[in-house]
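Here is the structure we will look at, set down as structure tokens.
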Amino acid sequence: MSAWAPADALGRRVSCGAEYATVRYVGSVPPTAGIWLGVEWDDPQRGKHDGTYEGTQYFKCRHPRGGSFIRPNKANFGVDFLTAVKDRYGLNGEQDVRHGAENTLVFGKKTVEFVGMDSVAEQQSQLNQLVDISVRECAVSHAGQKEEISRTCANIRHINLSKNLISSWETVTAIASEVQNLETLNISENKMKFPSTSTSVSSAFSKLRILALNRTEITWTEVLRCAPGWPALEELYLTSNNITVLERPDNVLQTLKLLDLSDNQLLDGNQLHLIAHLPRLEQLILRNTGISSIHFPDAGYGCKTKMFPSLKRLAINGNKISQWSSINELDKLPSLRSLQCHNNPFMDTEKNPETVRQLIIAKISQLEVLNKSDILPAERKGAELDYRKIFGNDWLAAGGNWNPEKNKPSEEFLAAHPRYPLLCLKYGAPEEGELKGQQPLTLKNQLLTLTIKCPENPEQKPVEKKLPESMTIQRVKGLLYRLLKIPGSELKLSYKSSKLEGKEVELDNDLKPLQFYSIENGDCVLVRW
């Protein structure tokens, strides 16, 4: 650190202790003598003012108390990339190793613990074999002398440059241009300037497959401006960047398989239409993006959308989706197999989480994994049969009929239950006897308090459990497997009721829910194997 500021100090990133800031002013601050740096802190709590001192505004801050003045010798302007690498991996010529806990090298697929080097030549040899490098929080601010990285670390493929002092995308390009086979790059938590106009396409990122730009303050426009330089990119992470609006990628990002836009407050769900034609996108992560609805207007009920043609995995946790109509829309996605949707208001529309799970499974035909839990064929069949039965009276009231010629359910019913006609084709229309006593527009799904006994194993004490009426016998067996450590296939279940004195009813169909057998509160489930 020096009493003099570098010539290019303005706009540079600096650290001061554990705090990070951007230099907004370099010069004198009368009546004091000497040079000062006016900095805007990443954490506004660290500041004192908005860049104004004794009536004179020297610089501007986003936060009214986000700025302060510091002397240049208090600011760390950082080191070049190679210096950070040598320091982090103990290859700086010093005998003692400063970062012992992280002192490992990756050679190909082999991780080797590194103790010390006997000679400069040996150090050079080790640097040349480095494949995976992490210099997170090492105050990297610039690339260093040209071609020094390519001469010294010829085999690097993966770089973690997160939380450093990189001030511009040009610095990232300068480092990457010397790493011929760069595949993975993490430059998250570097608040940097990105190109404001289209620039000539660099070959620096020609082999880059994975790029993390979380917390860099990049905009979607800037992403698209840089994207021509990422011709092979497969995964792009853009969390926490205040991205609110999207634009349609034009001949860029066409190789992208994963896009993470979590923790950006998107203007609305229609923003998704602008990225819906990325041909290879398989995974879209939209956690906490503020969206309240999802809609694919190009496809009607029971039809598939042309949007997101390859999308297999979707995460929409922590949003504001309150209507089941958005879940109906997800059935239009032709390739969707996995969904994460916790912490949305629609998840609270039923008292029992098991009911919500059943509804989602019944509404999205091709789903195989829901909230990280596999959907087994028996669970799908049970959910679809229940759905068909539970909304049967609504179907009849809306114009549904067992006679195909008279079966004309209303548009309103089809909008709320677009899969219902397909479920009737799959399993047959619900029979009149099935629909007696069904509650319209809701899943009657109370929790049953049941006593579970093992009559052939007196050492096993009876257990009291609260189970939803809609729980299938197969899922009950799964629960008992966890309790008793006996495979479900070996279990035989029956139940006794106070209403059926001396009679024992076998629970013999794994696909049927508990309510099918008219089990009530206080009944006793008997387990044999």
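See the values below:
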| quantity | calculated |
| --- | --- |
| Residue in the stretch 410-421 that is among the acidic types (Asp, Glu), surrounded by fewer than 16 Cβ atoms within 10 Å (Cβ to Cβ), outside the structural domain of Trp324 (by the TED database) and part of a loop (DSSP other than H, G, I, E, B) present | no |
| Among residues of the stretch 377-404, those that are closer than 22 Å to Ile473 by Cβ and without any contact (Cβ under 8 Å) to a residue 24 or more places away in the chain, counted | 2 |
| Number of positions in the stretch 357-372 that are touching a Lys or Arg at 6+ places or on another chain (Cβ under 8 Å), open to solvent by 10 Å² or more (accessible area, probe 1.4 Å) and not in a helix (DSSP H, G or I) | 5 |
| Any hit, the stretch 427-439, residues being open to solvent by 30 Å² or more (accessible area, probe 1.4 Å), among the charged types (D, E, K, R), at pLDDT below 80 and closer than 16 Å to Glu354 by Cβ | no |
| Qualifying positions in the stretch 25-40 - open to solvent by 40 Å² or more (accessible area, probe 1.4 Å) and assigned to a loop (DSSP other than H, G, I, E, B) | Ser28, Pro30, Pro31, Thr32, Ala33, Gly34, Ile35 |
| Search result, residues across the stretch 328-358 that are in contact (Cβ under 8 Å) with a residue 12 or more places away in the chain and either outside the structural domain of Thr289 (by the TED database) or farther than 21 Å from Leu286 by Cβ (or both) | Glu350, Lys351, Asn352, Glu354, Thr355, Gln358 |
| Criterion (surrounded by 19 or more Cβ atoms within 10 Å (Cβ to Cβ), in contact with a Pro (Cβ under 8 Å, 6 or more places away or on another chain), within 24 Å of Tyr420 (Cα to Cα) and of a type in the set (A, V, I, L, M)) met by exactly one of Ile327, Ile321 | Ile321 |
| Yes/no for Val201 being in a loop (DSSP other than H, G, I, E, B), in contact with a Pro (Cβ under 9 Å, 6 or more places away or on another chain) and over 19 Å from Ile166 (Cα atoms) | yes |
| Contacts under 9 angstrom Cβ, first residue in the stretch 450-466 being without any contact (Cβ under 8 Å) to a residue 12 or more places away in the chain and open to solvent by less than 70 Å² (accessible area, probe 1.4 Å), partner in a loop (DSSP other than H, G, I, E, B) and of a type in the set (Phe, Trp, Tyr), 6 or more apart | Asn457/Trp529 |
| Filter result for the condition that a residue is farther than 22 Å from Ala143 by Cβ, among the acidic types (Asp, Glu), surrounded by fewer than 16 Cβ atoms within 10 Å (Cβ to Cβ) and not assigned by the TED database to the domain that holds Ile166, over Asp50, Asp43 | Asp43 |
| Scan of the stretch 467-507 for residues that are touching a strand residue (DSSP E or B) at 6+ places or on another chain (Cβ under 9 Å), in a loop (DSSP other than H, G, I, E, B) and without any contact (Cβ under 8 Å) to a residue 24 or more places away in the chain, ordered by number | Gly502, Lys503 |
| Filter result for Thr22 (in contact (Cβ under 8 Å) with a residue 40 or more places away in the chain, open to solvent by less than 30 Å² (accessible area, probe 1.4 Å) and touching a Gly at 6+ places or on another chain (Cβ under 8 Å)) | yes |
| Filter result (at negative phi and either under 20 Å from the mean Cα position of the chain (by Cα) or open to solvent by 30 Å² or more (accessible area, probe 1.4 Å) (or both)) within the stretch 290-306 | Ile291, Ser292, Ser293, Ile294, His295, Pro297, Asp298, Gly300, Tyr301, Cys303, Lys304, Lys306 |
| Top-ranked residue in the stretch 508-520 [being farther than 16 Å from Lys453 by Cβ and either in a loop (DSSP other than H, G, I, E, B) or over 41 Å from the mean Cα position of the chain (by Cα) (or both); ranked as modelled with the lowest pLDDT] | Ser518 |
| Of all residues in the stretch 151-191 being small (Gly, Ala, Ser) and open to solvent by less than 50 Å² (accessible area, probe 1.4 Å), the one that is nearest to Thr22 (Cα to Cα) | Ser167 |
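The values are calculated or read from the model by the stated rules, or taken from the named source; none is laboratory data. Note that the structure is predicted; figures quoted are calculated from it, not measured. Glycine also receives a Cβ, built like all others from the backbone with ideal geometry; neighbour counts cover every protein chain displayed. Please note that ligands, DNA and RNA were not included when accessible areas were found on the heavy atoms of the full protein model with its side chains. Shrake-Rupley method; radii C 1.70, N 1.55, O 1.52, S 1.80 Å.
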